[in-house]
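Data block below; observations after.
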Amino acid sequence: MDGWIYNPGFSGILASISASGPDVRCVVRCKLLAVFQKGDNAVKFPISVTLNGRRYQREVEPRQLLVHLIRDMGGVTGTKIGCDTSQCGACTVLLDGVAIKSCTALSVQADGASITTIEGLASDDKLHPLQEAFWNKHGLQCGYCTPGMILAAHELLRTNPQPSDEQIRHGLEGNMCRCTGYQNIVRAVREAAATMRRKG
Ligand code: FES
Ligand code: FES
């Protein structure tokens, strides 16, 4: 899917960091490349991230994947690890408002950024329209894929507030569900889109 960070393995991560534009902070990139060139993964970097509105400071190894940081840091485990190879979408989170697969990003890449997980989507004890719609339309069964599915749908509606069913399916093609057959997920996203347009 366009704009997503794929997991091409360790050397590929290096290549993607090297090729990254302003999204990846230059300081982090230079530090990482220096460490990788020395072959020293034991060095830790101080990072500061905001997770669901709360700021955390941690020291992390340059090889640590963002999904592990998220699940270990704030006691929020809604973000799931499915394939660990950037195929299933269960680990999808918002990084500065943009959906990424957190099994394919490094923790150091999130330094200074704001992360939103499924737990951070609701506000004032009120479910987000996407959460409501998945509930209303039975867009989940076991729920393992659901956090990632909802955040991927969030990305779709951010860029296309009135998607067709075909566009919904295309927007969610990076997320796999083993239970629902996808029909109710598409209905849920359609309903959420309508609600969000009504609310402006
Ligand atoms: S766990 Fe990240 S895409 Fe499957
Ligand atoms: S609801 Fe079970 S994997 Fe999607």
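Only the coordinates and a few stated rules stand behind these numbers; no lab work does. These numbers were taken from a predicted model, which means no experiment stands behind them. So basically every Cβ, Gly included, is an ideal-geometry build from the backbone, and we count neighbours across all protein chains shown.
Go through 111-122, 72-83 and give me the packing order, highest mean Cβ count within 10 Å leading.
111-122, 72-83
Taking just the alpha carbons, could you work out the radius of gyration and Dmax for segment 129-199, both in angstroms?
Reported Rg and Dmax, both Å: 10.6, 32.
Take the Cβ-Cβ distance between residue 141 and residue 43 as r, set R0 to 45 Å, and report the resulting FRET efficiency rounded to the nearest 0.05.
Given R0 = 45 Å and the Cβ-Cβ separation, E is 0.55.
At what distance in angstrom do the alpha carbon centres of segment 41-72 and segment 139-200 lie from each other?
For segment 41-72 versus segment 139-200, the Cα centre distance is 29 Å.
Report the full-extension gain for the segment residue 165 to residue 72: residue separation times 0.36 nm, less the Cα-Cα distance, to one decimal in nm.
Values: separation 93, 0.36 × 93 = 33.48 nm, distance 3.62 nm.
Gain on stretching residue 165 to residue 72: 29.9 nm.
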